[in-house]
Amino acid sequence: MNLYRLEKMKIRLSTYRRAVLGIFVSLLAMGVLCLFLGGGGPEVSMHINGVEEDMLFTSWSGLFAVSTALTVACFGIFSAVFAAKIIVEEFCGKKAVLLFTYPVSRRKILHLKSMFVICVTTVSAFVSNMAVMGSLYIVSRIFGITPEPAGGHFVISVLLASLMSGILSSEIGVIAAAVGWKKRSVMTTIICSLIIVCFVPNLIAGLPGGIVWVMFVMGGLFGVAANFMHHFLANGIEEMEV
């Protein structure tokens, strides 16, 4: 039995599938609420980072920006919790003793666990955001709600930004895991992700017109940070004494 199958057997994916389903239902409920708020007309106009609230709720680009921002927030925390469970918890304390008895390098074990976090988070966030936008379109057709169109390339923008939302969410999890391992604390991992998602989604929702570029820039910056933190984590684990 190879290392991949062994690690997969240790992870209860059913728990995380239920979590992903719960996140999707919550995102869909929030999306439908925003859709109906926008469908009622812009009687009240509030400002969110310089963007009028009625603009966010009455146009497809605004609704997608809100959905993407909420997706990054939810799956950023999901990624951190996942990483805290299979990386921070297992590379700290008594569990590390058993883990280091495997006839493979510590760095390889870490890379495999990190790939689990990245792949599960990216796929889940991508599918979830795409499904939410598809469901909102169906709901809008059923109830006759017509948000302002977002241009001919909107479908491509949804595909790219949804993919980047998954990548960005997984990067948040990797960064939080490195911080949590340094402090030897699962709770620190989750708190770190909460701090990050306090400001990242606001930047996404604040620039609905250029969401694809915003996601690529943020994904690149967080990718560099995640790569640095992952190397820091790998080097620290290599030097661990148990």
Query raised in the report: Using the Cα atoms of region 119-240 to build a convex hull, what is its mean projected area in square nanometres?
Result: 8.7 nm²
Requested in this report: Go ahead and run the numbers for FRET between N202 and H111, Cβ-Cβ distance against an R0 of 30 Å, rounding to 0.05.
Outcome: 0.40
Query raised in the report: When you count, for each residue, the other Cβ atoms within 10 Å and take the mean per peptide, how do 134-141, 210-217, 186-193 rank with the highest first?
Result: 186-193, 210-217, 134-141
Requested in this report: Would you please put 111-122, 27-38 in order of how densely packed they are, using the mean number of other Cβ atoms within 10 angstrom per residue and starting with the highest?
Outcome: 111-122, 27-38
Report task. Arrange the peptides 20-26, 64-70, 86-92, 142-148 so that the one whose residues have, on average, the most other Cβ atoms within 10 Å appears first. Result -> 64-70, 86-92, 20-26, 142-148
Report task. Describe numerically, in nm with one decimal, the distance between label points set 7 Å from Cα along Cα→Cβ at I11 and at S135. Result -> 2.4 nm
Requested in this report: Using DSSP to define loop residues, name the GluC sites (Glu not before Pro) in region 180-242 whose beta-carbon has at most 12 other beta-carbon atoms within 10 Å.
Outcome: E239, E241
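Bear in mind these aren't lab numbers, they're just calculated from the coordinates by the rules spelled out. This is a predicted model, so every value here is computed, not measured. Cβ sites come from the backbone with ideal geometry, for glycine too, and all protein chains shown count toward neighbours.
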